[in-house]
Every structure is written in C-alpha cells, then in structure tokens.
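Everything on this sheet refers to the single structure shown next.
The values are calculated or read from the model by the stated rules, or taken from the named source; none is laboratory data. In this text the structure is predicted, and so the values were computed from the model without any measurement. Counting neighbours? That spans all protein chains shown, and the Cβs are built from the backbone with ideal geometry, glycine included.
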Amino acid sequence: KFANGGPVARLARDALPAGARVISETYGFNHAEIELDAPAPAQVVFHIFYFPGWQAQIDGQPAAVFPASERGLAAVTVPAGAHRLQLEFADTPVRRAANLISAATLVLLAGGLFYLFATRKERANSSTAASDLAGKESGNLFATRKGDSPQRGEGNGFGRAALGGLAALALLLIGGKLVYLDRFDSPLKRSFNGQTVPAAETRLDVNFGDRFNLLGYWLERDTAAPGRHFDLTLYWQARQPGGQDFSALAQLVDDEGHLFAGQDNLHPGTIPTHLWQPWEFAQDAHHVPVPPGTPPGNYWLAAGLYNPITGARLPVVSGGDPRRPDTIAVPVTVEKAARPATVAELGITWPVTQDFTELRLLGALPEREKIVRGDFLRVALFWEAPARPTQDYRVNLQLLDGDGQVAAESSGQPSFGSYPTTRWAAGERVRDNHALWIPADFPAGEYRVQVRLLDAPGNEVGAAVTLGTLAAE
C-alpha cells in the first residue's frame, strides 16, 4: 500500500459497515476527501494516527475527529446517507504558540551569538591596535604577540557566563517538572482518581441508566441577559466501556420544564461514548443561548443524555431529583434586557405586523418546518408593547385543518404564564413561547397556524391572525 510511491489510500475500507459505498476518494499531503453513501451512521477510520490538529468537515460543516480503538487511528462518525467528508491537518493554538516561542528563541539565540562574536572581534581589534601603539612608543616590535592582550580573558568570561546561564535554566526547568508538574495538577496535567474531578465546581454522583455517571459540573456564571449565553461544562464517566453512542443535551427551561433554548453535543467531549473508558472522564462543554426577547426570571439548565437515533433519554437511576426522571437541573437567572431586541435579532421567519389595542404582534418562529407526530410543535410569538399594558392578556394558539377545524390549541398568558403583560415596559419586545402536543395518530395534511388575543375577561381582541402553514406528512 505504501511502497508504490503514489498517493496513499488512507481510508480503512475494512472498517466500513456493511452496505456502505465509497463513491470517490482523493488524497494529498495531510489531506483526504471521501464521498461516501452509507445506509446507517458509519465510523470512518483512516490509516493516520490521531493527535490534535486533525480537522474534519462533513458537507462543509465541522465534525469531531477522535481516536478509534487501541491503535489510535483517526476516525470520524458520518451520518446515514450520501456525504462528502474532508480530513486535513492544521495547526492548533498550542502548536502555533509553541512555534512562535521557538522562533523567538531562535532569533534571540542568533542575536546573542552575533553580539558575542561581534564584541569579541571588536575587543580583539581594539586590543591589537592598542598593543601596536604601545609597541611603537616603546620601540618593542613584539608587544602585540598573542596572549599579551588582557582583553582576551574578558571575552572568554562572557561566553562562560552565557553557557552557565543556559545550564542553570535547563536545571530549573527539569527541576520544576520533577518537583511540581509531575506531582501536582496544573493547566498542563490533571489527575483523576476515578471519582472526583478537581475542575468541577459542583460535585455530583448521578447514575444515568447504569451506563454513565455525571461527576459534576462547572457553570461560568449563573446570570445572563437575552442575547447572551450560559457556559456549562459537564463531567461524565462511563460505568462500562462500549455499547450504544449517546449524545448530551443542555437546555434552558422554566419551572414547568417548558423549553426556551438548548445546545446538544452529538459526541460529549468530542469523543463517541462507546470509546469512553471507566478510568477517564469526558469534559463536555455547552454554550446554551438565551434568545433575544426571553422574559426575565428564574430558569434551569437541564442536562442529560439521549440516543441520537431514537431520541430516547437515559433515565436517572440514582443521585438525581425525583421530580426530574431523566435530567439534572442547574438554577440560573435571566436578567432583564438593557434594551429592546431589534426585529432582526428576534429571528422572525413568519413576519406579521398586527396591532391589538395595547399590544402589537411582530411575527412568529416555528421550531421546525413540519409537524412531527409524538412530539411538541413549538412556536415562538413575538410581541411589542407600544405603551405599558393595563391588563393581563391571554394568547390562544391554534392549529387548523383544511376544513378550518381546530386540530390542536393552547391558551394562557404569554410564555406559559411566567411573564404577564402587566409587567411589560413600554417599548419592550417579548418572546412568547408556545407548545402544542402532536399525538402519534395525528392526521396527515396541511395545517394553518393561527393566533388570537383575549383580554382578561376572555373576550377576543381584534381578529385572528394566520401566521403560516405547516405540513404533517
């Protein structure tokens, strides 16, 4: 394979699952491009040793590169279907910093050597000239013999001092490694006793499905304003190696579990869970956004694991909150926005401008482009208060079939009652989340999404507004 002198076909075809088909493959120096069609998610292995710097893209989107098996070969998980996979080597921030330090050291060393030889030559020339002058004045023609100059010893002393300094620096670095780096945790090395992670601000012992332990988490800050995000790092441990791969979720929810935002990791800690070993831990970082217009108040960051193929979550077996069967929750607070969000920041995909006496409807944003059975249909409405509202309004969101009949609906104060309209300030723009449950036997067809505004006594304010249409296939 490597002896013919041509480009090396680094794809490990024998590691592909049954039914996978390689459409094309191109190789270059530290680069590979594969077009692959697989009937199921496939682990694509390359005959390249994994180490930091290998980067992958699937159809132009970044993908995780991880070591496969005990051989340490680079691998990438590709979803089912036809995809284009690119693998190439690039510098990491640490490597770039090391290269800069090495280059700077080389420049300093070259400059020091140049300075050393230049000064020695200048001193030697000065010494020779002085000796010649002295010889001429005294009539001694042999005053400039080698060894007669008192300056020569000074140059040797400077060189010996430089070498002594380098030796002392080397001893200091070796001693620092032996005395400190090898014995204590530092940014360069972290120890793990199999139970606790020193970096975890809050330590836990939560058993997820007898498969994984959540050892703790670290939350950078527990308050954020709309348009910002929460940085949550989870520390996972495998109770046993191998098995099905699981993905991690971190979601911003209210007290009732209503979803406002979230950020999932297909491979927690960038490494598929079936490769985890019980003697190590995975550092799983999440950046959970706070959408513009989110009402201020107390929320939770719910975290857990789920099967990325079926969506089923791993249950909490022990160590959790009985009220939360498949997640742990971290309390956080969303602050009031310093200024109203712009219409562009709200991300509206169904724009509408409709005035309802004291409120103005700006539009809506459906979570999905189609209706999925056995799940919630989530729609965010966006309102503006030209002046401070004088009463608590209710919002009625409906899903209407082709005959105009109501197939699903929800009613209540904005954002599940967490932020009544009488608390809105003049000029404030508010995100109002709604969720409609879609049963498994929901009929196929096209449906209109319609919204009505009701006053405190329950009377309809203005006319109903059609936001858009969605299909149930």
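Residue check: residue 380 meets all listed conditions (1) farther than 17 Å from residue 258 by Cβ; (2) touching a Leu at 6+ places or on another chain (Cβ under 6 Å); (3) buried (at least 20 other Cβ atoms within 10 Å of the Cβ) but one, namely (1).
Residues are listed down the side, and each one gets a yes or a no for (1) among the β-branched types (Val, Ile, Thr); (2) assigned to a strand (DSSP E or B); (3) in contact (Cβ under 8 Å) with a residue 60 or more places away in the chain:
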| site | (1), (2), (3) |
| --- | --- |
| 340 | no, no, yes |
| 345 | no, no, yes |
| 348 | yes, no, no |
| 353 | yes, yes, no |
| 376 | no, yes, yes |
| 380 | no, yes, yes |
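Yes or no: residue 297 modelled with pLDDT of 90 or more, surrounded by 13 or more Cβ atoms within 10 Å (Cβ to Cβ) and within 29 Å of residue 210 (Cβ to Cβ)?
Criteria not met by residue 297.
Here's the yes/no breakdown for (1) of a type in the set (A, V, I, L, M); (2) under 30 Å from residue 430 (Cβ atoms); (3) within 19 Å of the chain's Cα centre (by Cα):
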residue	(1), (2), (3)
245	no, no, yes
249	yes, yes, yes
252	yes, yes, yes
257	no, yes, no
269	no, no, yes
274	no, no, no
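Residue 197 fulfils the conditions (1) in contact (Cβ under 8 Å) with a residue 40 or more places away in the chain; (2) part of a strand (DSSP E or B) except for a single criterion, (2).
Filter segment 357-374 for residues that are within 23 Å of residue 470 (Cβ to Cβ), surrounded by 16 or more Cβ atoms within 10 Å (Cβ to Cβ) and either in contact with a helix residue (DSSP H, G or I) (Cβ under 8 Å, 6 or more places away or on another chain) or not aliphatic (A, V, I, L, M) (or both) and give the result.
362, 363, 365, 366
From the list 445, 462, the lone residue that is farther than 13 Å from residue 361 by Cβ and small (Gly, Ala, Ser) is 445.
Scanning segment 326-338 for residues that are in a loop (DSSP other than H, G, I, E, B) and crowded, with 17+ Cβ neighbours inside 10 Å returns 326, 327, 337. For segment 399-415, a residue qualifies if it is surrounded by 15 or more Cβ atoms within 10 Å (Cβ to Cβ), out of contact with any Asp or Glu (no Cβ under 9 Å at 6 or more places or on another chain) and in a loop (DSSP other than H, G, I, E, B), but none of them does. Candidates in segment 305-324 are the residues that are among the aliphatic types (A, V, I, L, M) and not in a loop (DSSP other than H, G, I, E, B); of these, the one that is farthest from residue 268 (Cα to Cα) is 317. In the set 96, 71, only one residue is out of contact with any strand residue (DSSP E or B) (no Cβ under 6 Å at 6 or more places or on another chain), at pLDDT 80 or above and of a type in the set (Lys, Arg); that residue is 96.
When you check residue 258 against the structure, is it surrounded by fewer than 17 Cβ atoms within 10 Å (Cβ to Cβ), under 30 Å from residue 362 (Cβ atoms) and touching a residue at least 24 places away in the same chain (Cβ under 8 Å), yes or no? Answer is no for this residue. Among the residues making up segment 241-253, a single one is closer than 18 Å to residue 333 by Cβ and surrounded by fewer than 21 Cβ atoms within 10 Å (Cβ to Cβ): 253. Taking (1) at pLDDT 95 or above; (2) more than 25 Å from residue 371 (Cβ to Cβ) in turn, residue 455 satisfies each apart from (1).
Checked against (1) at pLDDT below 95; (2) in a loop (DSSP other than H, G, I, E, B); (3) hydrophobic (A, V, I, L, M, F, W, C), residue 435 passes all but condition (2).
For segment 18-105, the strands (runs of 3 or more DSSP E) that sit wholly inside it and include 2 or more residues that are exposed (fewer than 15 other Cβ atoms within 10 Å of the Cβ), more than 22 Å from the chain's Cα centre (by Cα) and among the β-branched types (Val, Ile, Thr) are 21-28.
Which residues, counting only those in segment 212-240, are surrounded by fewer than 19 Cβ atoms within 10 Å (Cβ to Cβ) and within 22 Å of residue 270 (Cα to Cα)? The answer is 218, 219, 220, 229, 231, 239, 240. Output the residues belonging to segment 306-331 that are of a type in the set (A, V, I, L, M, F, W, C) and under 18 Å from residue 218 (Cβ atoms). Hits for segment 306-331 are 328, 329, 330.
Selection of segment 447-464 for residues being in a strand (DSSP E or B) and either more than 11 Å from residue 396 (Cβ to Cβ) or outside the structural domain of residue 402 (by TED's automatic domain parsing) (or both) yields 447, 448, 449, 462, 463.
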